[in-house]
Amino acid sequence: MTDLMKSDPASNNLNYGTIGLRVFLTLLVVAMGVLWVYAFFLAPAGNPDRMEDRSWPEAAQVRCLAARAEIALLPTARQAGSPDERAKDLDEATVIIRNLVNDLVVLPGGTDHDRSLVALWIADWEIYLADRLAHAERLRSDGDVKPLLTALPSGSGSVLERMNGFARVNDFEACLDPGDM
């Protein structure tokens, strides 16, 4: 009877399937082990968006606080009597933010890597400024409308979220968007 089982094709398929499953599971466990060894011992520590030279974020925080203080003097969206008035107030705040971004571009300090991170962040601010201008125009032409913010190319959020994320990672929360749109 043992000779019959050895020659049974269904029995051979079961053995190959079991061996294949065992090999797959073994490889999976080894791969997971390698992943955890890399994650705990070999991968670089920290957030890749964290700036090395902390003097730049400190200086940016001071400049952003000053801009926030200027924006706080302007009427809020609720205080605007009409969409046109709201657009005018938004334009005034956008001028303040434009000046802020211009100042941040020339702010000294930071390593070469830090400066490349800042350049990407500033590019996000430029998109945000364009979104503000477009919103003010829509307020004038369409009336009371919600702002439209540029989405990331991946579709997983907005430029505003990425811009604010960088400010949070680097501890200069005053450089978050003013939240006045």
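Values in this text are rule-based calculations from the coordinates and carry no lab data. Model, not experiment: these values are computed from the prediction. Reconstructed Cβ throughout: ideal geometry from the backbone, glycine too, with neighbour counts over all protein chains shown.
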| Which residue, chosen from L100, V23, V145, occupies the Cα position most advanced towards the positive end of the dipole of the chain, where the dipole is computed from +1 (Lys, Arg) and -1 (Asp, Glu) charges on Cβ about the Cα centre? | V23
| Using 7 Å Cα-to-Cβ label points, what is the T111/L42 separation (nm, one decimal)? | 2.2 nm
| query | Only one of the listed values, [x] 20.6; [y] 21.7; [z] 18.7, was derived from the coordinates as Kirkwood radius over Cα pairs in Å; which label is it? | reply | [x]
| Which residues' amide hydrogens lie under 5 Å from the amide hydrogen of S158, considering only partners 5 or more residues apart or on another chain, with H built in the peptide plane? | L152
| query | How large is the helix-only mean residue ellipticity at 222 nm for the chain, computed as the sum of -39500 (n - 2.57) over DSSP H runs with n ≥ 4, divided by its residue count, in deg cm²/dmol to the nearest 500? | reply | -22500 deg cm²/dmol
| request: Just report the Cα centroid separation between segment 34-84 and segment 129-181, whole Å. | output: 13 Å
| note | Taking Cα atoms only, helix 83-106 is inclined relative to the longest principal axis of the chain by an angle, in degrees rounded to 10, of 70 degrees
| message | If I model a spin label at K88 and A151 as a point 7 Å from the Cα along the Cα→Cβ vector, what separation in nanometres do I get? | response | 3.6 nm
| Tilt relative to the chain, helix 112-142 - C-alpha long axis, 0 to 90 degrees, to 10 | 60 degrees
